[in-house]
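I have placed the structure first, in the form of structure tokens, so that the comments after it can refer back to it.
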Amino acid sequence: MNVLLIGSGGREHALAWKIAASPMLTRLFAAPGNPGIAAEAECVPLSMDDHEAIAAFCRDKSIDLVVVGPEAPLVAGLGDRLREAGIRVFGGSAAAARLEGSKGFTKDLCARYGIPTAAYGRFSDAAAAKAYVREHGAPIVVKADGLAAGKGVAVAMTLDEALSAIDACFEGSFGAAGAEVVVEEFLEGEEASFFCLCDGTTALPFGSAQDHKRVGDGDTGPNTGGMGAYSPAPVMTPAMVERTMKEIVEPTMRGMAEMGCPFSGVLFAGLMISEAGPKLIEYNVRFGDPECQVLMMRLKDDILVLMQAAADGQLAHMSVRWRDEVALTVVMAAKGYPGTPDRGSVIRGIDAAAAEGVEIFHAGTALNDGQLVANGGRVLNVTATGRSVAEAQRKAYAAVARIDWPEGFCRRDIGWRAVAREKAGA
Ligand SMILES: Nc1ncnc2c1ncn2[C@@H]1O[C@H](COP(=O)(O)OP(=O)(O)O)[C@@H](O)[C@H]1O
Ligand SMILES: [Mg+2]
């Protein structure tokens, strides 16, 4: 099987690593890839936005399956374009990608199908949104409707914060993504990420994770794309998974099919596990980054078999097996992140670090005269497995210590809640 993987982050390196381990694979290409992915795949300089060039490449190289990593090309219709050309895709249609591309769309779906989520209002002007906020009071949550790279949500603890967040949206802070706003009830509980592989009809549970969004230790400081993650999420017990499937995922699959946009690919449910049970915070239509890295480390089965079944509508016949271990990943970022960090600093010691028995997935890296350099905010994902979160954490940080990169930093406490829980339970 010839496979083309779309993307260039740590998530895609983990996917490339797992796809490359499949006995079904003949050739793996990645567009555009990165220096880490280049160890597993042939990188090709195709732009994710150039759907015609991607379709032409697929015909030229007899690609049997395209795996789309990030959301933007799905929302922009890459899946539709390729399927039109008769090319098999792991990743949904643009109509189905509205689950991530429009928060208002997902909230309306929840309302229509009785899916537990925060109470909400949808607004296209500031005055109406502010009136709703004044009526409901703080704490309250203000969200830009569209894709805002993880920056479009304000969890407002005061009325003033909520009102300024509404102004920011309608004044264009998030461009077109903020032309509509969702205001919703503040939910309390513990967050978890839950994943399913979907084929339009069937959703197959595909593991859970928890991530650390804040840049600083103790979950402090500004939000980032994610500074680390571990899998599984201890709150996602078998009973909680069953409730989530029945109350959230299955009605979503049914609703999307009824609305004429059956969902396929990865359904990533951001959940709040409240006292009343699981509530949907949001959907994403792709793997999380860095959650994908920890899932791939734990997956026993052949990912290509599963992705092919998802693309062919055959998931009802599949099951998923996981290694009986925990996985944990530490993100190493360039100093200055999540602001604009400097590029080009040299990274040494990757091989010594890998010798600690971890996988090091590349995100924003580049090669400069044969030397590995930083080329983005989040740069490396040091990923370890262990019998406990504490053990995986120890292994990951032992490897981090061997990486010689003075211009980089990482959080020192990834997994802290789970480690504390393990200690309390021991
Ligand atoms: N209704 C809510 N109640 C409490 N916290 C929320 C709520 N909605 C979102 N959040 C917090 O804000 C974060 C980002 O919101 P989310 O809807 O996941 O948007 P995005 O990931 O697109 O930025 C969530 O991970 C959660 O921590
Ligand atoms: Mg989110």
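If only one of Ala53, Ala31 is part of a helix (DSSP H, G or I) and over 21 Å from Arg298 (Cβ atoms), which one is it? Working first, answer last.
On the way: Ala31 fails: part of a helix (DSSP H, G or I).
Answer to the check: Ala53.
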Problem set entry | Where a residue in the range 405-419 is buried (at least 17 other Cβ atoms within 10 Å of the Cβ) and its partner, wherever it lies, is among the acidic types (Asp, Glu) and part of a loop (DSSP other than H, G, I, E, B), with Cβ under 8 Å and at least six apart | Glu407/Asp342; Arg411/Asp217; Asp413/Asp217
Exercise. Say we look at the range 184-242 and pick out the residues that are away from ligand 1 (no atom under 13 Å from the Cβ) and acidic (Asp, Glu); which of these is surrounded by the fewest Cβ atoms within 10 Å (Cβ to Cβ)?
Worked result: Glu242
Problem set entry | Of the criteria (1) hydrophobic (A, V, I, L, M, F, W, C); (2) within 19 Å of the chain's Cα centre (by Cα); (3) away from ligand 2 (no atom under 12 Å from the Cβ), which one Phe268 fails | (3)
Problem set entry | Answer from Leu65, Leu99 - the residue that is in contact with a Leu (Cβ under 8 Å, 6 or more places away or on another chain), surrounded by 17 or more Cβ atoms within 10 Å (Cβ to Cβ) and not assigned by TED's automatic domain parsing to the domain that holds Glu12 | Leu99
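Confirm whether Pro45 is within 25 Å of the chain's Cα centre (by Cα) and assigned to a loop (DSSP other than H, G, I, E, B).
Numbers: within 25 Å of the chain's Cα centre (by Cα): yes; assigned to a loop (DSSP other than H, G, I, E, B): yes.
When the stated conditions are applied, Pro45 passes them.
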For this session: Answer with yes or no whether Ala396 is assigned to a helix (DSSP H, G or I), outside the structural domain of Gly9 (by TED's automatic domain parsing), touching a residue at least 60 places away in the same chain (Cβ under 8 Å) and not β-branched (Val, Ile, Thr).
Result: yes
Seminar exercise, completed: Note on Gly146: of the conditions (1) crowded, with 17+ Cβ neighbours inside 10 Å; (2) at pLDDT below 95; (3) more than 10 Å from ligand 1 (Cβ to nearest atom), unmet is (3)
Exercise. When only residues in the range 149-160 that are surrounded by fewer than 17 Cβ atoms within 10 Å (Cβ to Cβ) and away from ligand 2 (no atom under 16 Å from the Cβ) count, which is nearest to Leu187 (Cα to Cα)?
Worked result: Met157
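Taking the conditions exactly as written (buried (at least 19 other Cβ atoms within 10 Å of the Cβ) and either at pLDDT 95 or above or within 15 Å of ligand 1 (Cβ to nearest atom) (or both)), does Ala127 satisfy them or not?
no
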For this session: Give Gly255, Gly172, Gly218, Gly207 a once-over and let me know the one that is under 30 Å from Ala128 (Cβ atoms), among the small types (Gly, Ala, Ser), away from ligand 2 (no atom under 15 Å from the Cβ) and outside any helix (DSSP H, G or I).
Result: Gly172
Seminar exercise, completed: Within the range 328-364, of all residues that are of a type in the set (Val, Ile, Thr) and in contact with a helix residue (DSSP H, G or I) (Cβ under 8 Å, 6 or more places away or on another chain), the one surrounded by the fewest Cβ atoms within 10 Å (Cβ to Cβ) is Ile360
Exercise. So which residues in the range 150-160 are within 12 Å of ligand 1 (Cβ to nearest atom) and either of a type in the set (Val, Ile, Thr) or touching a residue at least 24 places away in the same chain (Cβ under 8 Å) (or both)?
Worked result: Gly150, Lys151, Gly152, Val153, Val155
Problem set entry | Residue count, the range 1-30 (criterion: surrounded by 24 or more Cβ atoms within 10 Å (Cβ to Cβ) and of a type in the set (A, V, I, L, M)) | 9
For this session: Search the range 280-327 for residues being within 16 Å of ligand 2 (Cβ to nearest atom), of a type in the set (A, V, I, L, M) and part of a strand (DSSP E or B), and hand back the single one that is surrounded by the fewest Cβ atoms within 10 Å (Cβ to Cβ).
Result: Ile281
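The values are calculated or read from the model by the stated rules, or taken from the named source; none is laboratory data. Just so you know, these numbers come straight off a predicted model, no measurement behind them. All Cβ positions, glycine included, derive from the backbone under ideal geometry; neighbour counts span all protein chains shown.
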